[in-house]
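Below is one structure, written out as structure tokens; the observations come after it.
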Amino acid sequence: MRKIFLPYLVDPVSQENFRLVGFKEIKDRIIDGLMVSKHSWYPIIKGVPRILIGELKTNLLQNHYRFLKKYSKKMPKGILTEWQEKINKIDDLNTFYRHQKKTAESFAYEWKKIYQESNFEKNNFLHFIGPFIKKGDLKNKKVIDIGCGSGRFTKWAAKLRARLVFGTDLGESVEVAYKLTKNLNNVCVVQADIYYMPFNKAFDIAYSIGVLHHLPKPKEGFLRLKKVITSGGKMLIWVYNRRNNKRALYLYEPMRAMARKIPRPILLKFCYIPAFIIHLINYLTILFNRIGAKKIANKIPFHYYANFPFNMKLNDAFDVLATPKSNYYYFEEIEKWFQDADLKNIKSYEHPEAGITCIGTKK
């Protein structure tokens, strides 16, 4: 985390500002350290501020027990004691450590083996935001990518000359996002809960692509995001469309229900089947486009994926089957979210591949 990003972060509970305590620093960047407010504190681990509260913070501190061991002599006594108390609450340390090792291996397997950067990511990003935000609109803007995952769209917002970009996610994918963006001076990746965001009226543009429909309480999560944008700022989301989406409702969802029980490495191997089928179908789209029959090409299933490499199809197949929960909406419902958030200039667009982009402006 570069020190210049500190003024944009606040304690998600008290809204207090932070001061930095550095354990490991490289030039203007804190690699390991602490963010301390008047009433609380949060660790910076591997370059990423980890601003979680409640049980999520407890799980974080337990999972990163090695960090405590490494820097115990540099920590303030009160923080050291609190962190150690969280670790002491683990019933069976040996079992916990074995489970953590397997989880870490699964996580590394998922992101290192499945996700690979694609030359089409820029176009993919602009496709999602494009109905209402063009690439020139990002220039010199303060932007936040909510639910950044691997950081692929965080990176492109930064490369399209945004003034600064924050990428946030709840999971350990923040480490992948950090590695992907660490050489960009205008990017900061933060581990945070969408229900308790550590920002306050900071951003000109906030977007959340493919995230809200996976939350246990999607509308509640959305309504809490309004506070991150400044007056006149824009909020944009992309969610699954229910209209004309029988394939997802009656095929993907039953498959997802069964796939939840399959270990992820095995599920990944299974995902090669649908990914390969889509890859073959895409050759029809490519063929019809080459002979000038674009109307026919656009009617072929999965035509949207025709320009993407096989790895992207594998990644999305895994995403569809491995995600615990999905919700589907009509654009009228999503526009009502924006109305309830007291946003103005609300517009929505239904994508051909069964997604909805919606945007609104804060008064």
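Data for the structure
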read-out	value
Tilt relative to the chain, helix 77-88 - C-alpha long axis, 0 to 90 degrees, to 10	60 degrees
Share, in percent, of DSSP beta bridges within the chain that are antiparallel, nearest 5	55 percent
Only Lys, Arg (+1) and Asp, Glu (-1) charged, at Cβ; the chain dipole about Cα centre in debye	820 debye
Option label - semi-axes √(5λ) of the Cα gyration tensor in Å computed here, alternatives (1) 33, 32, 19; (2) 35, 25, 19; (3) 32, 28, 17	(2)
Table column - 3J(HN,Hα) (Hz), the stretch 141-155, Karplus curve with 6.51, -1.76, 1.60, x for Gly and Pro	9, 8, 10, 10, 9, 8, x, 6, x, 6, x, 5, 7, 4, 4
Choice from ILE44, ILE273, ILE194 with maximal GNM fluctuation in the chain (Cα, 10 Å cutoff)	ILE273
Label-point separation, ASP91 to LYS299 (7 Å along Cα→Cβ), nm	5.9 nm
Segment LYS38-LYS246, length gained on full extension (0.36 nm per residue, minus Cα span)	69.7 nm
FRET efficiency for ILE26 and LEU80, using Cβ-Cβ distance with R0 set to 41 Å, rounded to 0.05	0.95
Between 0 and 90°, nearest 10: helix 310-322 axis offset from the chain longest Cα axis	70 degrees
Proximal charge balance of LYS347 [Cβ under 11 Å; K/R count +1, D/E count -1]	+1
Per-pair calculated FRET efficiency, R0 = 25 Å: ASN183 and VAL13 via Cβ, rounded to 0.05	0.15
Whole-Å distance, taken between Cα centres, linking the stretch 223-289 and the stretch 301-353	7 Å
FRET E, pair GLU353, SER231, Förster distance 41 Å, beta-carbon r, rounded to 0.05	0.75
Directionally averaged projected area (convex hull, Cα atoms, the stretch 246-322), nm²	5.0 nm²
Cβ-placed point charges (K, R +1; D, E -1), dipole of the stretch 3-92 about Cα centre in debye, nearest 20	460 debye
Relative packing of 287-294, 8-15, which averages over residues the other C-beta atoms within 10 Å, highest first	8-15, 287-294
Label-to-label distance, nm, for residues given as LYS134 and ASP342 (7 Å Cα→Cβ offset)	3.3 nm
Residue-count net charge about LYS89 - beta-carbon cut-off 14 Å; Lys, Arg +1, Asp, Glu -1	-3
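Every number here is computed from the coordinates shown, using simple stated rules; none is lab data. All values derive from a computational prediction rather than experimental measurement. Note: ideal-geometry Cβ built from the backbone for every residue, glycine included; neighbour counts use all protein chains shown.
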